[in-house]
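**Q** A single structure is presented below for examination.
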Amino acid sequence: MSAQRKATSFDIAQAAGVSQPTVSRALRGSPTVSTATRQRIEAIAKQLNYTVDRSASNLRSGKTRTLALLIFRDPTPDETEVNPFFLGMLGSMMGACAEHGYDLLVSFQNYSSDWHTDYEDSHRADGLILLGYGDYADYRARLDLLVAQGTHFIRWGSVQPDEPGLTVGCDNVAGGAVATRHLIERGCRRIAFLGDATDHYPEFRDRHRGYVEAIAAEGLAVDPRLQVDAITTEDDGTRAAQALIARGVPFDGIVAASDLIALAAMRVLAGAGLIVPRDVAVIGFDDIPAASLANPPLTTVAQDTVQGGRRLVEMLLARIDHRPVSSTVLPTTLVVRRSSGVPVATESDGDTNANTGTA
């Protein structure tokens, strides 16, 4: 090949001993090409200084090679308005997109906006990844509309048999159960649950279900006065903990439906003169960065954000390529810290982890 002529995919195909369509599939990250073949093609392309004409490729395929990540605004104590749990997914989602030759368009959305009519319909993205949803009753109607429109989308949330579209989520029932059993094993007998346990917040509802199952399995009474509704904000966690104390019902443990609720509850308990974990043991859900920095450090149920982010991208790409794929439940892990009564002497040994489910 002349040094002055720009290399083409046909030159790479000849050098690699494969067909030109195989080169095209390999360079766009298609799973139909073996890893060894793709790596050989990529090495030859690099040697020949070959670059893909993305505009021409996209025009031929009818695809934008872009996924849109829609993050819904959440009330937060800082100005980010992003649930800190979702930030843990960004790195793995960007990495997965890069591996498959896709760009990731990140956009903030308000719950009241017309996010369900944009992006794919306007050819800005090939599919949508949805993080956060607010009240599920309103959200569900928009998911149904996305299905009716034929939009390719996937969401993080509670995986249910009748869910519209694709969903990736954790085993919330198992997570709620293991958190409650952990407090029972620490000697708690009057355990409260802070979190909305209705169909408006399916993930919290499932965590409450696990809480109820664990209490009943130990032969303990489930006291409805020990459940207080709260969504995943510190303000709501503060109000829920204050309401729990105001009821005057004895309790010695708290399972919170999120870390933000748990952290707020610990501050309310301290303000009421209750010491964690001596007087009340507390456990959260999510393992956000602030959990390990709390005083005392917060025991929590961790969700696999790295695997979750990757699954969201890879499953959406499978749907876009018309490959068979179904919703996925990921396991949770109990991360034990001092807020649930771990002896101070063992804290220096690091967090204690226990797997609580299977995918």
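**Q** Per residue, how many Å² of accessible area does region 155-214 show with a 1.4 Å probe?
**A** So region 155-214 comes to 32 Å² accessible per residue, rounded to a whole number.
**Q** Using modelled backbone amide H atoms (1.01 Å from N, in-plane), which distant-in-sequence or interchain residues come within less than 5 Å of residue 302's amide H?
**A** Those lying under 5 Å, H to H, from residue 302 are 286, 333, 334, 335.
**Q** What are the radius of gyration and Dmax of region 135-287, computed over its Cα atoms and given in Å?
**A** 16.6, 55
**Q** When the expected Rg is taken as 2.2 N^0.38 Å, what fraction or multiple of it is the alpha-carbon Rg of region 248-287?
**A** Working: Rg = 9.7 Å, N = 40, 2.2 N^0.38 = 8.9 Å.
Dividing the Cα Rg of region 248-287 by 2.2 N^0.38 Å gives 1.08.
**Q** Next question, about the same structure. Could you sort the peptides 209-222, 125-138 by per-residue average Cβ neighbour count (10 Å cutoff), highest mean leading? Show your work: numbers first, answer last.
**A** Values: 209-222: 16.3, 125-138: 20.3.
With the highest mean Cβ count within 10 Å placed first, the list reads 125-138, 209-222.
**Q** Here's something else I'd like to know. How large a share of the accessible area of region 147-245, in percent, is made up of carbon and sulfur atoms when the probe is 1.4 Å and the other protein chains stay in place?
**A** Values: 1880 of 3840 Å².
Of the solvent-accessible surface of region 147-245, carbon and sulfur hold 49 percent.
**Q** Take the Cα atoms of region 209-343, find their three principal axes, and give me the spread along each one in whole Å, biggest first.
**A** 57, 33, 29
The values are calculated or read from the model by the stated rules, or taken from the named source; none is laboratory data. Just so we're clear, the structure is a prediction, and the values are computed from it rather than from any experiment. As a convention, Cβ positions derive from the backbone with ideal geometry for all residues, glycine included, and neighbour counts pool all protein chains shown. Accessible surface areas use protein heavy atoms only, side chains included; no ligands, DNA or RNA. Shrake-Rupley method; radii C 1.70, N 1.55, O 1.52, S 1.80 Å.
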